[in-house]
Structures are given as structure tokens and as C-alpha cells.
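Here is the structure we will look at.
The values are calculated or read from the model by the stated rules, or taken from the named source; none is laboratory data. In this text, all values refer to a predicted model and were calculated from it rather than measured experimentally. Counting neighbours? That spans all protein chains shown, and the Cβs are built from the backbone with ideal geometry, glycine included. The area values use the complete protein model at the heavy-atom level, side chains included, leaving out ligands, DNA and RNA. Shrake-Rupley method; radii C 1.70, N 1.55, O 1.52, S 1.80 Å.
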Amino acid sequence: MHAKTGDWLVVYGPKVDHRGKRGRILEVRSADGTPPYRVKWLDGNEALVFPGPDAEIIDTAVLREIDENERERLDFVQQAVHRQKNKHTT
């Protein structure tokens, strides 16, 4: 695992319904980008992290693209639910 300052650390949840967590990498303590990383989690807490196998490093641009795709998918599902609901009420 290799990271640079500004990348995101994403730790996946242990179960399908557990969202896991994300944090911005504030500091990489090794010259080659290996852990540990100082991470600021989205909840505001900071920690020195040695990521496990349930984590990955994601570049900011890639994460932005992933988030946009998820927003579009959510919008599509919400519109489909709304259409279905209106279909049954008319």
C-alpha cells in the first residue's frame, strides 16, 4: 500500500450494511509512501493509521468520480421510486 498526502484512505465495513469510513491522508511518514499515515477522518478525529486488508488508498480525482457515479445512481433510483409511486396513486 502506497499513498501521498491528500489521498483518501477508505476502510470498508465488516458487513454489507456497515458503511465503513473515509479519511484524508494528512501525512505520510515514510519516503516510499508506505504506512503509517496520519489521517483526518470525516468525523473530525485524527489518528495514526496502519491500514489493514479491508482498506484502500484512493486518489482525490478518482474518489470524486466514484462519488459522482453514486450520486447519479441514487438519483436514478429515487426517480424510479417516485414514478412507481405516482403510477399507483393515479
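Using a 1.4 angstrom probe on heavy atoms only, work out the carbon and sulfur share of the accessible area of the chain in %. It would help to have the intermediate numbers written out before the result.
Working: 3650 of 6830 Å².
Exposed carbon and sulfur together represent 54 percent of the surface.
Dipole size of the chain about its Cα centre, with +1 on Lys/Arg Cβ and -1 on Asp/Glu Cβ: approximately 400 debye, rounded to the nearest 20.
Sort 9, 74, 26 from largest to smallest accessible area, using a 1.4 Å probe on the heavy atoms of the protein chains.
Values: 9 0, 74 95, 26 60 Å².
I get 74, 26, 9, largest accessible area first.
Here is the tail figure for region 1-46: Cα pairs spaced more than 14 Å apart come to 50 percent of all pairs. Other residues lying with their Cβ under 12 Å from the Cβ of residue 50 contribute a combined charge of +2, Lys and Arg counting +1, Asp and Glu -1.
List nothing, just return the count: lysine pairs in the chain, 8 or more apart or interchain, with Cα separation under 26 Å. Mind showing how you got there, number by number?
Numbers: 4/21; 4/40; 15/40; 21/40.
Final tally of qualifying lysine pairs is 4.
Each residue of region 31-38 was assigned a 3J(HN,Hα) from its phi angle through the Karplus curve 6.51 cos²θ - 1.76 cosθ + 1.60 (θ = phi - 60°); the sequence is 5, 8, x, 7, x, x, 10, 8 Hz, with glycine and proline shown as x. To the nearest 10 degrees, how steep is helix 60-89 against the longest Cα principal axis of the chain, on a 0 to 90 scale? That works out to roughly 20 degrees. Checking every one of the trypsin sites (Lys or Arg not before Pro) in region 18-90 against DSSP loop status and a limit of 16 other Cβ atoms within 10 Å picks out 19, 29. Note on residue 38 and residue 76: their simple-model spin labels are 4.2 nm apart, each label 7 Å out from Cα toward Cβ. Its residue count N fixes a reference of 2.2 N^0.38 Å for the chain, and the Cα radius of gyration divided by that reference is 1.46. Per residue, the chain exposes 76 Å² of accessible surface when a 1.4 Å probe is rolled over the protein heavy atoms with every protein chain present.
Accessible-area rank, largest first, for 37, 12: 12, 37, with all protein chains present and a 1.4 angstrom probe.
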